[in-house]
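First comes the structure, then the notes that go with it.
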Amino acid sequence: MDNQPPEFTPTFPVDEPLYVPEEDLGRLPASSSLDSLETNDGHYPSPQTEAQLRLHSRQWDLRQHIIRSLDASQYQHHQAKALRLSQCRHSPILWEREDGNLSLQLQACRDRLCPTCQSQRAAKARTQMIEHTKKMNAAKFITFTIQNQPESLEENHARLRQAWRNMRQQPTFKERCKGGIYAIETTRNPTTGQWHSHIHIIADCNYIPQRTLANEWTIASGGSFMVWIEPVHDSAKTAAYLADYIAKPADMKDWDPETILEFADATKGKRLIHTFGTHHNVKIDDRKDTEEHKPKRYIAPLRLAAEAAEKRDPRGELALKIIQLGPKKLRLAAGLHIDKFGTDCKDLPTRLAQRLLSVMHDLFCDYCGNRPFGPHGQLPIDEPTPPPTPPPPPDHLFPTRFTK
């Protein structure tokens, strides 16, 4: 996670049970638990919170498999990645925006191996690709495949990328294909253990016969001739198909730990979706936060509302009542159960949002101490008192120099 603020570390206990209002208890599923989440069975590098259980519920099993595979490695960089994934959305925090409304920061890890983060990136990329595909004069969907060989994934990707660079220099393709968006898909044959990679492209491309395209790809790839090309009739469907490779770059649920580690090492720092030609400056897979209203002032960790309400603090109960009127993401981040028959809203009204920020700020001051906090909103850490400054040495140790 590059250029991101440090992870939020709460000073209050993280293993206490969460509070849910009595009217919500009847709607909770029988398998739901509000006690401290030790669902990791001792394998996770850090305990999981109720917010993580809610926010990662759709990808929980896959996420668990990936984290355990990384944590079992003997290398520190794999264990560090496992720790980063296990802390994803551990303690969402509230900020105040410049317009006075609230801003929720989930403290996401934004790692490629995190299924939840990848799903959000795919949704964002899908919208951007649909917009740019509609601007193309003659959009085509093209797939290039290279032959399987007994090689590592890093060597397989290097061979595919080199073939793609050679293809962009072929005369017919270079003349008729102006630019576009491409994504690399990776699969693995469970029988032979060989990697199989191919590249999917949405290109602004004039008519090219399939035989001509296959001949040029054979030259560019050094022997591979498997090519598929078709016009794009539904830009939304094609963009969604291509964006799925961001959310699910590979079917890792059936991979063993060694395969997951190899995939993590081979794709580290590499783009699996990119642009070329006239679309080269278009940003599709951008991990940076492009929120229109930037956070201005740190307020409190959202989990503090549930912990205060469990202690029967009326301010915590009021905060939870306001959160229940908010959007789904806010309620999930607070660890509350979501009624599938309930309605959802886009954002809290300004009056309620300001009331929630005020209550949460009071709770933070009382429970965590009214102390200054860091520039990125992290809770303050009690620094040891510096030793007193020693007195200056006596004057006779530094005699005055006399001059004539």
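Every read-out reported here was derived from the displayed coordinates using simple, explicitly stated rules and does not represent laboratory data. Just so we're clear, the structure is a prediction, and the values are computed from it rather than from any experiment. Positions of Cβ are backbone-derived with ideal geometry, glycine not excepted, and every protein chain shown enters the neighbour counts.
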Relative pair counts by distance (%), Cα atoms of the stretch 171-217, 10 Å bins: 22, 41, 24, 13, 0
Amide H contacts under 5 Å for residue 326, placed H, 5+ residues apart: none
Within the stretch 161-186, the residues whose backbone N lies under 13 Å from a label point placed 7 Å from the Cα of residue 219 along the Cα-to-Cβ direction are 166-175
Global geometry of the stretch 115-277, whether rounded, prolate or oblate, following the gyration tensor of its Cα atoms and the 1.5 cut on a/c: oblate
Arrange the following residues from fewest to most other Cβ atoms within 10 Å of their Cβ: 144, 173, 225. 225, 173, 144
Amide H neighbours of residue 151 at under 5 Å, excluding residues fewer than 5 places away on the same chain, with H built from the backbone geometry, are 195
Within a 10 angstrom radius of the beta carbon, how do 191, 172 rank from fewest other beta carbons to most? 191, 172
Radius 15 Å from Cβ of residue 143, net charge of other residues (Lys, Arg +1; Asp, Glu -1): -3
Links that overshoot a 25 Å alpha carbon limit, given the list 140/268; 135/328; 135/346; 135/237: 140/268; 135/328; 135/346
Under-5 Å amide H pairs with residue 109, H placed in peptide plane, nonlocal only: 89
Extending each Cα 7 Å along its Cβ direction at residue 280 and residue 152, get the distance between those two points in nm, one decimal. 3.0
